[in-house]
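Participant: What follows is a structure written as C-alpha coordinates; I'll ask about it next.
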Amino acid sequence: MPMFLRKIIHSLYLSLVKVMVNFGSPVRHHAFAGSGSSRQLCEHVIRTGVSKLLIVTDKPLRDLGVVDRATAALADSDIDIAFYDGVLPDPTYAHVAEGVAVAKTHGSEAILAIGGGSSIDAAKIIAASATSEDNPADWVGFGKVKHDVLPLYVIPTTSGTGSEATMGAVISDPVTHEKGVISGGPLLPQIVALDAQLITGLPPHITAATGMDALTHAIEAYIGVWERDTRLQDARMGVKLIFDNLPTAFRDGADIAAREGMAMGAYYAGLAINQVNVGNVHAIAHQLGGKYGIPHGLANALVLPHILDFCHQEARQRLAELAVLIGVGEAGEDDGQLAHRFIKAVRDLRTEVGIPDHSDLIKREDYDYLTDLAVAEGASYPVPRLLDRASVFAILTHITN
(Lines give C-alpha, C1' and ligand atoms only; values in the text may rest on other atoms or scores of the structure.)
Protein backbone atom coordinates (compact mmCIF):
# COMPACT_ATOMS: atom_id res chain seq x y z
CA MET A 1 0.00 0.00 0.00
CA PRO A 2 1.42 3.44 -0.89
CA MET A 3 2.67 5.48 2.07
CA PHE A 4 0.37 8.43 1.32
CA LEU A 5 -2.64 6.12 1.58
CA ARG A 6 -1.32 4.56 4.79
CA LYS A 7 -0.98 8.05 6.27
CA ILE A 8 -4.60 8.90 5.39
CA ILE A 9 -5.85 5.66 6.95
CA HIS A 10 -3.67 6.25 10.02
CA SER A 11 -5.10 9.76 10.46
CA LEU A 12 -8.67 8.51 10.15
CA TYR A 13 -7.99 5.70 12.61
CA LEU A 14 -6.57 8.09 15.21
CA SER A 15 -9.58 10.37 14.82
CA LEU A 16 -11.89 7.43 15.49
CA VAL A 17 -9.92 6.41 18.59
CA LYS A 18 -10.07 9.97 19.93
CA VAL A 19 -13.85 9.97 19.59
CA MET A 20 -14.12 6.60 21.36
CA VAL A 21 -11.91 7.78 24.21
CA ASN A 22 -13.79 11.04 24.65
CA PHE A 23 -17.08 9.17 24.96
CA GLY A 24 -15.68 6.71 27.49
CA SER A 25 -16.83 6.75 31.08
CA PRO A 26 -14.54 8.58 33.53
CA VAL A 27 -12.58 6.38 35.93
CA ARG A 28 -11.15 7.05 39.37
CA HIS A 29 -7.50 6.44 40.14
CA HIS A 30 -5.48 7.32 43.23
CA ALA A 31 -1.92 6.71 44.39
CA PHE A 32 -0.16 6.48 47.73
CA ALA A 33 3.53 7.34 47.37
CA GLY A 34 6.64 7.06 49.49
CA SER A 35 8.20 4.52 51.82
CA GLY A 36 5.52 2.63 53.72
CA SER A 37 2.78 3.50 51.24
CA SER A 38 1.98 -0.20 50.81
CA ARG A 39 0.72 -0.16 54.41
CA GLN A 40 -1.54 2.79 53.56
CA LEU A 41 -3.01 0.89 50.63
CA CYS A 42 -3.62 -2.23 52.71
CA GLU A 43 -5.28 -0.17 55.43
CA HIS A 44 -7.53 1.34 52.77
CA VAL A 45 -8.48 -2.14 51.54
CA ILE A 46 -9.44 -3.07 55.08
CA ARG A 47 -11.61 0.06 55.34
CA THR A 48 -13.53 -0.90 52.18
CA GLY A 49 -14.98 -3.85 54.08
CA VAL A 50 -13.87 -6.47 51.56
CA SER A 51 -14.01 -9.92 53.16
CA LYS A 52 -12.25 -12.05 50.50
CA LEU A 53 -9.14 -10.80 48.71
CA LEU A 54 -7.13 -12.49 45.97
CA ILE A 55 -3.44 -11.61 45.78
CA VAL A 56 -1.94 -12.05 42.31
CA THR A 57 1.85 -12.26 42.23
CA ASP A 58 4.73 -14.55 41.26
CA LYS A 59 6.35 -17.29 43.27
CA PRO A 60 9.82 -15.68 43.62
CA LEU A 61 8.30 -12.62 45.31
CA ARG A 62 6.48 -14.86 47.78
CA ASP A 63 9.60 -16.91 48.44
CA LEU A 64 11.67 -13.76 49.02
CA GLY A 65 9.16 -12.45 51.55
CA VAL A 66 8.33 -9.35 49.50
CA VAL A 67 4.63 -10.18 49.42
CA ASP A 68 4.55 -10.65 53.19
CA ARG A 69 6.25 -7.28 53.72
CA ALA A 70 3.90 -5.55 51.31
CA THR A 71 0.80 -6.98 53.01
CA ALA A 72 1.91 -6.87 56.65
CA ALA A 73 -0.98 -4.56 57.48
CA LEU A 74 -3.46 -7.24 56.39
CA ALA A 75 -2.06 -9.87 58.78
CA ASP A 76 -4.23 -8.88 61.74
CA SER A 77 -7.37 -8.18 59.70
CA ASP A 78 -10.34 -10.48 59.23
CA ILE A 79 -9.87 -10.58 55.45
CA ASP A 80 -9.78 -14.08 53.96
CA ILE A 81 -6.80 -14.05 51.57
CA ALA A 82 -6.16 -16.40 48.66
CA PHE A 83 -3.07 -16.41 46.44
CA TYR A 84 -2.42 -16.95 42.78
CA ASP A 85 1.36 -16.92 42.37
CA GLY A 86 1.66 -18.70 39.04
CA VAL A 87 2.34 -15.59 36.95
CA LEU A 88 5.42 -15.85 34.72
CA PRO A 89 7.07 -13.23 32.49
CA ASP A 90 4.89 -12.48 29.46
CA PRO A 91 1.67 -13.85 31.00
CA THR A 92 -0.62 -15.91 28.80
CA TYR A 93 -4.34 -16.57 28.72
CA ALA A 94 -3.56 -19.83 30.51
CA HIS A 95 -2.22 -17.84 33.47
CA VAL A 96 -5.37 -15.73 33.40
CA ALA A 97 -7.55 -18.85 33.43
CA GLU A 98 -5.64 -20.29 36.40
CA GLY A 99 -6.06 -17.06 38.33
CA VAL A 100 -9.76 -16.85 37.50
CA ALA A 101 -10.26 -20.40 38.75
CA VAL A 102 -8.69 -19.45 42.09
CA ALA A 103 -10.80 -16.28 42.30
CA LYS A 104 -14.07 -18.10 41.61
CA THR A 105 -13.34 -20.98 43.97
CA HIS A 106 -12.38 -18.52 46.69
CA GLY A 107 -15.23 -16.12 46.00
CA SER A 108 -12.81 -13.21 45.78
CA GLU A 109 -14.40 -9.77 46.01
CA ALA A 110 -11.29 -7.77 45.09
CA ILE A 111 -7.76 -8.29 43.77
CA LEU A 112 -4.41 -7.00 44.96
CA ALA A 113 -1.59 -7.31 42.41
CA ILE A 114 1.97 -7.32 43.75
CA GLY A 115 4.87 -7.49 41.33
CA GLY A 116 6.08 -6.22 38.00
CA GLY A 117 4.15 -5.61 34.83
CA SER A 118 3.45 -9.30 34.24
CA SER A 119 1.64 -9.74 37.55
CA ILE A 120 -0.23 -6.46 37.18
CA ASP A 121 -1.31 -7.17 33.60
CA ALA A 122 -2.45 -10.68 34.51
CA ALA A 123 -4.36 -9.31 37.49
CA LYS A 124 -6.21 -6.82 35.29
CA ILE A 125 -7.54 -9.52 33.00
CA ILE A 126 -8.25 -11.87 35.92
CA ALA A 127 -10.32 -9.07 37.48
CA ALA A 128 -12.28 -8.70 34.24
CA SER A 129 -12.63 -12.42 33.54
CA ALA A 130 -13.82 -13.25 37.05
CA THR A 131 -17.04 -11.31 36.37
CA SER A 132 -17.63 -12.43 32.78
CA GLU A 133 -18.01 -15.61 30.77
CA ASP A 134 -16.44 -14.01 27.67
CA ASN A 135 -13.18 -15.25 26.18
CA PRO A 136 -10.62 -12.59 27.15
CA ALA A 137 -8.87 -13.07 23.80
CA ASP A 138 -11.93 -11.39 22.27
CA TRP A 139 -11.15 -8.23 24.25
CA VAL A 140 -7.92 -7.45 22.38
CA GLY A 141 -8.14 -3.84 21.29
CA PHE A 142 -9.66 -0.78 22.97
CA GLY A 143 -12.92 -0.48 24.87
CA LYS A 144 -14.14 -4.07 24.57
CA VAL A 145 -14.31 -4.65 28.34
CA LYS A 146 -17.63 -3.01 29.08
CA HIS A 147 -18.75 -4.83 32.23
CA ASP A 148 -17.93 -4.22 35.89
CA VAL A 149 -14.72 -5.90 37.01
CA LEU A 150 -13.45 -6.82 40.46
CA PRO A 151 -11.87 -3.85 42.26
CA LEU A 152 -8.13 -3.89 41.57
CA TYR A 153 -5.36 -2.54 43.82
CA VAL A 154 -1.70 -2.58 42.82
CA ILE A 155 1.70 -2.53 44.52
CA PRO A 156 4.45 -2.51 41.85
CA THR A 157 7.81 -4.03 42.79
CA THR A 158 9.67 -2.73 39.73
CA SER A 159 9.99 0.75 38.26
CA GLY A 160 9.35 0.20 34.61
CA THR A 161 6.12 -0.97 33.02
CA GLY A 162 3.88 1.80 34.35
CA SER A 163 1.05 -0.75 34.30
CA GLU A 164 0.01 0.52 37.73
CA ALA A 165 -1.05 3.76 36.03
CA THR A 166 -2.59 2.45 32.80
CA MET A 167 -5.80 0.89 31.58
CA GLY A 168 -3.95 -1.58 29.34
CA ALA A 169 -2.70 -5.13 29.75
CA VAL A 170 -0.48 -7.21 27.48
CA ILE A 171 -1.32 -10.92 27.30
CA SER A 172 0.51 -13.44 25.10
CA ASP A 173 -0.99 -16.23 23.04
CA PRO A 174 0.66 -19.44 24.36
CA VAL A 175 0.72 -21.01 20.87
CA THR A 176 1.68 -18.18 18.51
CA HIS A 177 3.47 -16.15 21.22
CA GLU A 178 1.96 -13.01 19.71
CA LYS A 179 1.14 -10.31 22.24
CA GLY A 180 -2.33 -8.80 22.42
CA VAL A 181 -3.07 -5.47 24.09
CA ILE A 182 -6.38 -5.25 25.96
CA SER A 183 -7.26 -1.71 26.98
CA GLY A 184 -10.20 0.10 28.53
CA GLY A 185 -11.27 2.20 31.50
CA PRO A 186 -12.48 -0.69 33.69
CA LEU A 187 -8.93 -2.12 33.74
CA LEU A 188 -7.37 0.94 35.40
CA PRO A 189 -6.36 0.07 38.99
CA GLN A 190 -8.39 1.93 41.60
CA ILE A 191 -5.46 2.63 43.94
CA VAL A 192 -1.72 1.99 43.75
CA ALA A 193 1.10 2.22 46.26
CA LEU A 194 4.53 3.38 45.11
CA ASP A 195 6.61 1.98 47.95
CA ALA A 196 10.33 2.28 47.26
CA GLN A 197 11.16 0.09 50.25
CA LEU A 198 9.90 -2.91 48.28
CA ILE A 199 12.15 -2.15 45.30
CA THR A 200 15.54 -1.78 47.00
CA GLY A 201 16.42 -5.44 46.43
CA LEU A 202 15.85 -5.33 42.67
CA PRO A 203 18.98 -6.67 40.89
CA PRO A 204 20.98 -4.18 38.78
CA HIS A 205 20.18 -5.81 35.43
CA ILE A 206 16.43 -5.71 36.14
CA THR A 207 16.72 -2.15 37.45
CA ALA A 208 18.37 -1.21 34.15
CA ALA A 209 15.90 -2.96 31.86
CA THR A 210 12.79 -1.78 33.68
CA GLY A 211 14.19 1.74 33.90
CA MET A 212 14.76 1.85 30.15
CA ASP A 213 11.24 0.52 29.68
CA ALA A 214 9.87 3.45 31.67
CA LEU A 215 12.06 5.88 29.73
CA THR A 216 10.68 4.50 26.48
CA HIS A 217 7.14 5.13 27.69
CA ALA A 218 7.89 8.72 28.62
CA ILE A 219 9.67 9.50 25.35
CA GLU A 220 7.09 7.84 23.12
CA ALA A 221 4.27 9.68 24.88
CA TYR A 222 6.15 12.97 24.46
CA ILE A 223 6.96 12.68 20.76
CA GLY A 224 3.59 11.23 19.73
CA VAL A 225 1.11 13.29 17.72
CA TRP A 226 -1.89 13.04 20.02
CA GLU A 227 -2.29 16.21 22.08
CA ARG A 228 -4.27 15.17 25.14
CA ASP A 229 -4.65 16.22 28.78
CA THR A 230 -1.39 16.30 30.77
CA ARG A 231 0.62 13.89 28.61
CA LEU A 232 3.41 16.43 27.95
CA GLN A 233 3.86 17.38 31.60
CA ASP A 234 3.71 13.77 32.79
CA ALA A 235 6.11 12.59 30.09
CA ARG A 236 8.62 15.36 30.86
CA MET A 237 8.49 14.49 34.55
CA GLY A 238 9.11 10.84 33.71
CA VAL A 239 12.10 11.58 31.45
CA LYS A 240 13.73 13.91 33.98
CA LEU A 241 13.26 11.60 36.95
CA ILE A 242 14.63 8.59 35.08
CA PHE A 243 17.71 10.36 33.73
CA ASP A 244 18.37 11.79 37.20
CA ASN A 245 17.92 8.54 39.14
CA LEU A 246 18.47 5.45 36.99
CA PRO A 247 22.31 5.48 37.09
CA THR A 248 22.31 5.74 40.89
CA ALA A 249 19.62 3.10 41.33
CA PHE A 250 21.62 0.81 39.03
CA ARG A 251 24.88 1.30 40.96
CA ASP A 252 23.38 1.31 44.45
CA GLY A 253 20.05 -0.44 44.73
CA ALA A 254 19.76 0.48 48.41
CA ASP A 255 19.71 4.23 47.65
CA ILE A 256 16.16 4.96 48.75
CA ALA A 257 16.06 8.44 47.18
CA ALA A 258 17.01 7.03 43.78
CA ARG A 259 14.48 4.24 44.17
CA GLU A 260 11.75 6.72 45.03
CA GLY A 261 12.74 8.82 42.03
CA MET A 262 12.52 5.79 39.76
CA ALA A 263 9.17 4.73 41.20
CA MET A 264 7.74 8.18 40.51
CA GLY A 265 9.40 8.38 37.10
CA ALA A 266 7.88 5.09 35.98
CA TYR A 267 4.51 6.16 37.37
CA TYR A 268 4.52 9.49 35.52
CA ALA A 269 5.56 7.70 32.34
CA GLY A 270 2.64 5.32 32.87
CA LEU A 271 0.25 8.24 33.31
CA ALA A 272 1.51 9.68 30.03
CA ILE A 273 1.03 6.53 27.94
CA ASN A 274 -2.34 5.96 29.58
CA GLN A 275 -3.46 9.15 27.86
CA VAL A 276 -1.88 8.71 24.42
CA ASN A 277 -0.53 5.15 24.12
CA VAL A 278 2.97 4.06 23.08
CA GLY A 279 4.69 4.02 19.68
CA ASN A 280 7.00 2.37 17.18
CA VAL A 281 9.52 1.16 19.75
CA HIS A 282 6.83 -1.04 21.26
CA ALA A 283 5.62 -2.11 17.81
CA ILE A 284 8.98 -3.78 17.25
CA ALA A 285 9.80 -4.73 20.85
CA HIS A 286 6.53 -6.63 21.28
CA GLN A 287 7.53 -8.89 18.39
CA LEU A 288 10.98 -9.51 19.87
CA GLY A 289 9.44 -10.48 23.19
CA GLY A 290 6.78 -12.67 21.64
CA LYS A 291 9.12 -14.51 19.28
CA TYR A 292 12.26 -14.88 21.39
CA GLY A 293 11.20 -14.21 24.97
CA ILE A 294 13.44 -11.14 25.19
CA PRO A 295 12.34 -9.24 28.34
CA HIS A 296 10.22 -6.26 27.38
CA GLY A 297 12.43 -3.60 28.93
CA LEU A 298 15.51 -5.01 27.24
CA ALA A 299 13.71 -5.19 23.89
CA ASN A 300 12.65 -1.55 24.24
CA ALA A 301 16.20 -0.52 25.11
CA LEU A 302 17.56 -2.29 22.02
CA VAL A 303 15.13 -0.52 19.70
CA LEU A 304 14.68 2.93 21.27
CA PRO A 305 17.69 4.84 19.87
CA HIS A 306 17.08 3.49 16.37
CA ILE A 307 13.45 4.60 16.36
CA LEU A 308 14.51 8.05 17.55
CA ASP A 309 16.93 8.20 14.63
CA PHE A 310 14.13 7.00 12.33
CA CYS A 311 11.73 9.81 13.34
CA HIS A 312 14.40 12.43 14.07
CA GLN A 313 13.12 14.85 11.44
CA GLU A 314 9.43 14.59 12.36
CA ALA A 315 10.05 14.75 16.14
CA ARG A 316 13.07 17.05 16.25
CA GLN A 317 11.34 19.85 18.19
CA ARG A 318 10.13 17.49 20.92
CA LEU A 319 13.50 15.73 21.07
CA ALA A 320 15.23 19.12 21.28
CA GLU A 321 13.01 20.06 24.22
CA LEU A 322 14.00 16.86 26.00
CA ALA A 323 17.68 17.61 25.38
CA VAL A 324 17.28 20.93 27.19
CA LEU A 325 15.27 19.23 29.93
CA ILE A 326 18.05 16.76 30.81
CA GLY A 327 20.82 19.34 30.46
CA VAL A 328 22.63 18.28 27.28
CA GLY A 329 21.82 21.51 25.48
CA GLU A 330 20.55 25.06 25.88
CA ALA A 331 17.31 26.61 24.71
CA GLY A 332 17.80 28.51 21.47
CA GLU A 333 20.31 26.09 19.96
CA ASP A 334 19.52 24.38 16.66
CA ASP A 335 16.69 21.85 17.12
CA GLY A 336 18.35 19.28 14.90
CA GLN A 337 21.59 19.35 16.87
CA LEU A 338 19.74 19.22 20.17
CA ALA A 339 17.68 16.26 18.98
CA HIS A 340 20.86 14.36 18.08
CA ARG A 341 22.33 15.16 21.50
CA PHE A 342 19.27 13.74 23.21
CA ILE A 343 19.45 10.55 21.15
CA LYS A 344 23.13 10.24 22.06
CA ALA A 345 22.23 10.74 25.74
CA VAL A 346 19.74 7.85 25.48
CA ARG A 347 22.46 5.63 24.00
CA ASP A 348 24.93 6.72 26.67
CA LEU A 349 22.44 5.99 29.46
CA ARG A 350 21.76 2.56 28.02
CA THR A 351 25.50 1.83 28.00
CA GLU A 352 25.96 3.23 31.51
CA VAL A 353 23.45 0.78 32.94
CA GLY A 354 25.03 -2.19 31.17
CA ILE A 355 22.50 -2.89 28.42
CA PRO A 356 24.00 -4.14 25.13
CA ASP A 357 23.17 -2.71 21.71
CA HIS A 358 22.38 -6.06 20.08
CA SER A 359 20.96 -9.51 20.83
CA ASP A 360 22.20 -12.97 19.90
CA LEU A 361 18.62 -14.29 19.90
CA ILE A 362 17.29 -12.45 16.86
CA LYS A 363 17.41 -14.51 13.65
CA ARG A 364 17.64 -13.04 10.17
CA GLU A 365 15.30 -15.66 8.78
CA ASP A 366 12.56 -14.20 11.01
CA TYR A 367 12.85 -10.63 9.68
CA ASP A 368 9.84 -10.90 7.35
CA TYR A 369 7.62 -12.25 10.12
CA LEU A 370 8.77 -9.66 12.66
CA THR A 371 8.47 -6.82 10.15
CA ASP A 372 4.93 -7.62 9.07
CA LEU A 373 3.71 -7.62 12.66
CA ALA A 374 5.67 -4.49 13.63
CA VAL A 375 4.43 -2.42 10.68
CA ALA A 376 0.84 -3.45 11.38
CA GLU A 377 1.06 -2.69 15.10
CA GLY A 378 2.82 0.63 14.58
CA ALA A 379 -0.07 1.84 12.43
CA SER A 380 -2.33 1.67 15.51
CA TYR A 381 -0.25 4.15 17.51
CA PRO A 382 -0.12 7.99 17.35
CA VAL A 383 3.42 7.99 15.97
CA PRO A 384 5.16 10.93 14.26
CA ARG A 385 6.27 8.66 11.39
CA LEU A 386 4.79 5.38 10.21
CA LEU A 387 7.07 2.36 10.05
CA ASP A 388 7.91 0.88 6.67
CA ARG A 389 9.40 -2.50 5.84
CA ALA A 390 12.82 -1.21 4.81
CA SER A 391 13.25 0.77 8.03
CA VAL A 392 12.23 -2.15 10.24
CA PHE A 393 14.64 -4.43 8.38
CA ALA A 394 17.41 -1.87 8.94
CA ILE A 395 16.67 -1.62 12.66
CA LEU A 396 16.60 -5.40 13.04
CA THR A 397 19.95 -5.58 11.25
CA HIS A 398 21.44 -3.04 13.66
CA ILE A 399 20.36 -4.97 16.75
CA THR A 400 21.18 -8.47 15.47
CA ASN A 401 24.58 -9.83 16.46
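Participant: Across region 269-281, what is the number of residues that are within 11 Å of the chain's Cα centre (by Cα) and more than 14 Å from residue 158 (Cβ to Cβ)?
Facilitator: 6
Participant: Any residue in region 66-84 that is modelled with pLDDT under 95 and closer than 30 Å to residue 377 by Cα?
Facilitator: no
Participant: Of all residues in region 220-242, which are out of contact with any helix residue (DSSP H, G or I) (no Cβ under 8 Å at 6 or more places or on another chain) and assigned to a loop (DSSP other than H, G, I, E, B)?
Facilitator: 227 - this is the single residue of region 220-242 that is out of contact with any helix residue (DSSP H, G or I) (no Cβ under 8 Å at 6 or more places or on another chain) and assigned to a loop (DSSP other than H, G, I, E, B).
Participant: Of all residues in region 43-68, count the ones that are in a helix (DSSP H, G or I) and more than 24 Å from the chain's Cα centre (by Cα).
Facilitator: 8
Participant: Let me ask you something else. Looking at (1) free of Cβ contacts under 8 Å to residues at least 12 places away in the same chain; (2) part of a helix (DSSP H, G or I); (3) acidic (Asp, Glu), which is the one condition that is false for residue 76?
Facilitator: Unmet condition: (2).
Participant: I would also like to ask the following. Name every residue in region 47-70 that is under 24 Å from residue 107 (Cα atoms) and surrounded by fewer than 16 Cβ atoms within 10 Å (Cβ to Cβ), in order of residue number.
Facilitator: 47, 48, 49, 51, 52, 59, 68
Participant: Also: Got a number for residues in region 294-312 being in contact (Cβ under 8 Å) with a residue 40 or more places away in the chain and over 11 Å from residue 359 (Cβ atoms)?
Facilitator: Summing the residues that are in contact (Cβ under 8 Å) with a residue 40 or more places away in the chain and over 11 Å from residue 359 (Cβ atoms) in region 294-312 gives 10.
Participant: Which residue out of 343, 326 is touching an Asp or Glu at 6+ places or on another chain (Cβ under 7 Å), of a type outside the set (D, E, K, R) and either more than 20 Å from residue 179 (Cα to Cα) or outside the structural domain of residue 210 (by TED's automatic domain parsing) (or both)?
Facilitator: Matching residue, one of 343, 326: 343.
Participant: Now for a different question. Those residues that are more than 12 Å from the chain's Cα centre (by Cα) and hydroxyl-bearing (Ser, Thr, Tyr), I need them from region 203-220; list them, please.
Facilitator: 207, the sole residue that qualifies.
The values are calculated or read from the model by the stated rules, or taken from the named source; none is laboratory data. Every value quoted in this text rests on a predicted model; they were computed, and no experiment measured them. Using ideal geometry, Cβ is built from the backbone for each residue, glycine included, and neighbour counts are taken over all protein chains shown.
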